[in-house]
Amino acid sequence: MKTVRAFIAAPLEGSTFDKIVHLQQELAATLPGIRWVQPQTLHLTLAFLGDISEESLERIGGSMLSIGDSFAPVDVLVGGLGAFPSLKRPRVVWLGLEGGRPLLDLQAAVADMLRKLQMPWDDKPFKPHLTLGRCRQPALAIGQLLAPFTQRQCGQLRISRLVLYESHLTAKGANHLPRRETMLTGTPGCRH
């Protein structure tokens, strides 16, 4: 049975996106040894599915429509640079997102949908962030170089759609192919 690597995410758009790309370019000039994510692939992951069958992909895509009908677009503040697992031993450089209860509820709805469909996914605690780059080798100096950027604010983004992506890993990074999309068209403050 053919499987595809997949995830559900909110793509980025708007003027704040340009500020994020500018920050990423500043970081690239300052930080050696990091493989930077291509700007066109930046996104907020709501659920990483891993390798799933085409049939499962179709079932998930169909179920995403009910989430779109139930949620209004979500505004998020973008800022605060960090690293996983920590600034002292960075492997992933990220930019934080703060969307309050509406963003947490949106992610919880995606998780509930996957549970109802009995789909496996990476259900680590949700920490809203944008992955900007990955360190090839953890180095203490990188953490020190990141320190001046930790309080950087980029503005506000509006999450207005969810996309089910198929992901292909290449030597130059990941390529993401949108397989299904749903707009968030619900009424603000009111869930069906």
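Below, the figures for the structure above:
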quantity: Those residues of segment 15-39 which are over 16 Å from the mean Cα position of the chain (by Cα) and either closer than 18 Å to Arg152 by Cα or assigned to a helix (DSSP H, G or I) (or both), in sequence order; calculated: Ser15, Asp18, Lys19, His22, Leu23, Gln25, Glu26, Leu27, Ala28, Ala29, Thr30, Leu31
quantity: Cross-chain or 6+ apart pairs with Cβ under 6 Å, segment 29-47 first and touching a residue at least 40 places away in the same chain (Cβ under 8 Å), then assigned to a loop (DSSP other than H, G, I, E, B); calculated: Gly33/Arg136; Leu42/Leu12; Ala47/Trp121
quantity: Unique match (being within 14 Å of the chain's Cα centre (by Cα) and at pLDDT 90 or above) among Leu117, Leu97; calculated: Leu97
quantity: Near pairs, Cβ below 6 angstrom, 6+ apart or cross-chain, from segment 51-76 (farther than 14 Å from Ala10 by Cα and outside any helix (DSSP H, G or I)) to any residue that is of a type in the set (A, V, I, L, M, F, W, C) and at pLDDT 95 or above; calculated: Ile52/Ala6
quantity: Residue in segment 126-138 that is closer than 25 Å to Asp75 by Cα and exposed (fewer than 15 other Cβ atoms within 10 Å of the Cβ) present; calculated: yes
quantity: Members of segment 31-50 found to be crowded, with 17+ Cβ neighbours inside 10 Å and more than 22 Å from Ser15 (Cβ to Cβ), listed by number; calculated: Leu31, Ile34, Thr45, Leu46, Ala47, Leu49
quantity: Members of segment 155-188 found to be surrounded by fewer than 18 Cβ atoms within 10 Å (Cβ to Cβ), more than 17 Å from Ile60 (Cα to Cα), in contact with a strand residue (DSSP E or B) (Cβ under 8 Å, 6 or more places away or on another chain) and of a type in the set (A, V, I, L, M, F, W, C), listed by number; calculated: Leu169, Ala174
quantity: Breaking point among (1) closer than 24 Å to His22 by Cα; (2) in contact (Cβ under 8 Å) with a residue 40 or more places away in the chain, for Asp122; calculated: (1)
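The values are calculated or read from the model by the stated rules, or taken from the named source; none is laboratory data. Values in this document were obtained by computation on a predicted structure and should not be read as measured data. Heads up, the Cβs are rebuilt from the backbone with ideal geometry, glycines too, and the neighbour counts pull from every protein chain shown.
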